[in-house]
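The values are calculated or read from the model by the stated rules, or taken from the named source; none is laboratory data. All figures in this text were calculated on a predicted structure; none of them were measured in a lab. Ideal geometry is used to build each Cβ from the backbone, glycine not excepted, and the neighbour counts take in all protein chains shown. Side chains are part of the model used for accessible areas, which takes the heavy atoms of the whole protein and leaves out ligands, DNA and RNA. Shrake-Rupley method; radii C 1.70, N 1.55, O 1.52, S 1.80 Å.
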Amino acid sequence: MSAENRARASQWSDGALAILPVAAAASPFGLLLGAMAAQKGLSPLETTFMSATVFAGSSQFVAVDLWSASIAVATIVFATFLVNTRHILMGVSLLPKMGAFAPRAKPLALFFLADEIWALAEQRARTQELRPSYYFGMAITLYCGWLAFTLVGTFVGSGLGDPGRLGLDFAFTALFIGLLMSFRQAPRFALTVAASAVVSALVALVSTGPNAIAAGAVAGIAAAALARPARAGA
């Protein structure tokens, strides 16, 4: 194996290891999603196909929860679109750090852009160049784990019962708090978090569904942009 291939293999392993705690935290939710989909009448093949083509846990839960003969498909599509609008913002943030990616690899990389992958990729880019091997090591590991657990969930997930009984419902929350705090040294961190938290909480009080997610994301970006010092000579 050449030195270049060894370096790629090493970065792939580093990425896979970095995402393992996330995959572990996601496992009960994959099982739960599979169980919910089965209860709604989706087959194991249909559930796995959804995970393979959507790969966005929160929007999948929204879609499965709304899955009913009385709900228009357009309503489900719009609700999942609202949940996933944050992916546009994450993509805009991460693309400038993908200088080492071939043009044809960037669309594929963005397909795998889950929240946790974005956060870890941004964290990596702050200390060293983000390489495709590291990124896809994370992405493929989490992707395969999510597919496997949603599939298993269609068969055995119903035996989990209420995840809150074991504290599993807080696993993702704790994970995201940890990912969020990894950016605490970034400029305007406190302002951005405060704006997102306040606006999303207020929207959640007056609106149901995923609107609070999109509103919090837009508020955080707006706060950071407005607080950004003007460039000299601008």
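Data table
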read-out	value
Sparse-neighbourhood loop sites, trypsin sites (Lys or Arg not before Pro) in region 91-153 - DSSP loop, at most 15 other Cβ within 10 angstrom	Arg104
Estimated distance in nm for a label pair at Ala24 and Lys40, the labels positioned 7 Å out from Cα along Cα-to-Cβ	3.0 nm
Where region 1-86 is the region considered: accessible area per residue in Å², 1.4 Å probe	51 Å²
Cα-only Debye scattering, region 1-56: base-10 log of I(q)/I(0) at q = 0.15, 0.20 Å⁻¹	-0.61, -0.78
Local net charge near Ala194, Cβ-Cβ under 14 Å (Lys/Arg +1, Asp/Glu -1)	+2
Efficiency of FRET from Cβ geometry, Leu17 and Ala100, R₀ 30 Å, rounded to 0.05	0.90
Sulfur and carbon atoms: percent of accessible area, region 61-152 [1.4 Å]	69 percent
